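Peer 1: Please read through the structure below; I'll follow up with questions.
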Amino acid sequence: MSKTVFNGLIILTLLAVATAFMLGRGTPSTDASPSSLLLPQLEDQVNDVDWLRVSAGGETIATARRDGTAWVIDEAGAYLADWDELQGLLSGLASARVIEPKTRNPDYHGRLGVEDPARPGAAGVLVEFQPASGLPGVIVGRQAQGREGQYLRLVDSDQAMLVDREFDLPRTIRGWIESDVIDIADDEVVEVAITHSSDNVVVARKVSADDEDFVLQDVPAGMEPRTEWAVNSLAGGLSNLTAEEVRPADEMDWDGAVRYRVVTADGLLVEAQAVSLPADGDRDEGHWVRLEAGVYTTALDSASEEENAALTTGRAQEVNRRVRGWAYRIPKSTFETMTTAMDGLLEPAVVEQ
């Protein structure tokens, strides 16, 4: 190789290294300097923030606002927001410090996930605050590879920055609502009833609250339960129930709903009405329930004691405070538990010879 060619290769190599360095580092900016707060004005007013919007690809994901002492999500009919998610976002942005400025060149923003968030397919998530707050919107881009931190960009600046916090923001509304609906542990339950119609009812109950197994009632002659597990699993329909989506219950048609009811050892009664909606356009098939709680007046003796009865009444009121007026989209497997038919529990009885 000639000396001239060799020197040319060295020059090309140095140019390539310099280009890569400038993309990663960018031109230093007065917008932010290492160790400075990303949003110093947010640190001072984080407790006063009462509205924010999260969007991606030009589409709004969730609009959260303070309603009294709680946060709600407008796109979910003003249902409760996931406070842990919101708190993590706000505190993270308020405390985020710049590790180093990156590129100011919009042509390279896409590589860091901080390109225009209104562009279809954009990788970043845009977080906006109430205009009157004076807080700029923030584009949350990709997490850094091989090091801690994440790339962000303020919407009023071309300067991309690497900050010392990492964010994993939900890109669906499900991630922004309070998804925990109710939790009635199956070992609390002493009776389950599933009503498809007046002449099609499945009932399973325990003889004693201390029993582990349920006894299926009104089993037709010549038939028997397939397994104890199949009968016992009926009690788990309200155990750790979570919502995939929420909407006002009066927006839905509840005609023909299957009624799923559980009674606990302390006399708490919770009834769910369950319906399945067919796929419609862009909407997938959905399984929905609405809930209501009360007190089962003829429950086991422990619930007849005045103190226990008061506790059970308070528990029912708390359930109703959270769920009344709302419809919850639930997993298909949970819906199938709540709508189990007698035929699915039985098999021909084995006749001993």
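Peer 1: What tally of residues in the stretch 85-142 results from selecting those that are part of a loop (DSSP other than H, G, I, E, B) and in contact (Cβ under 8 Å) with a residue 60 or more places away in the chain?
Peer 2: The number of residues fulfilling the criteria is 16.
Peer 1: Which pairs do you get when a residue that is under 11 Å from Met342 (Cα atoms), found in the stretch 197-223, comes within reach of a residue that is of a type in the set (Ser, Thr, Tyr) and modelled with pLDDT of 95 or more, reach meaning Cβ atoms under 6 angstrom, with the pair 6+ apart or on two chains?
Peer 2: What qualifies is Val201/Thr195.
Peer 1: Here's a follow-up. Looking at Ala235, Ala209, Ala221, Ala230, which is the one that is in contact with a strand residue (DSSP E or B) (Cβ under 8 Å, 6 or more places away or on another chain) and either closer than 17 Å to Glu347 by Cα or modelled with pLDDT of 95 or more (or both)?
Peer 2: Ala235
Peer 1: Going through the stretch 47-72 one residue at a time, which ones are more than 11 Å from Val125 (Cβ to Cβ), assigned to a loop (DSSP other than H, G, I, E, B) and touching a residue at least 12 places away in the same chain (Cβ under 8 Å)?
Peer 2: Val49, Asp50, Gly58
Peer 1: Quick one: in the stretch 246-269, which of the residues that are within 23 Å of the chain's Cα centre (by Cα) and not in a loop (DSSP other than H, G, I, E, B) is surrounded by the fewest Cβ atoms within 10 Å (Cβ to Cβ)?
Peer 2: Glu251
Peer 1: Oh, and also: If we keep just the residues of the stretch 270-285 that are under 18 Å from Ser333 (Cα atoms) and part of a loop (DSSP other than H, G, I, E, B), which is modelled with the lowest pLDDT?
Peer 2: So the residue we want is Asp284.
Peer 1: Take the residues in the stretch 127-165 that are touching a helix residue (DSSP H, G or I) at 6+ places or on another chain (Cβ under 8 Å) and charged (D, E, K, R); name whichever of them is farthest from Val54 (Cα to Cα).
Peer 2: Within the stretch 127-165, the match that is farthest from Val54 (Cα to Cα) is Asp158.
The values are calculated or read from the model by the stated rules, or taken from the named source; none is laboratory data. Small disclaimer: the values here were computed from a predicted structure and weren't measured. Backbone-built Cβ (ideal geometry, glycine too); neighbour counts: all protein chains shown.
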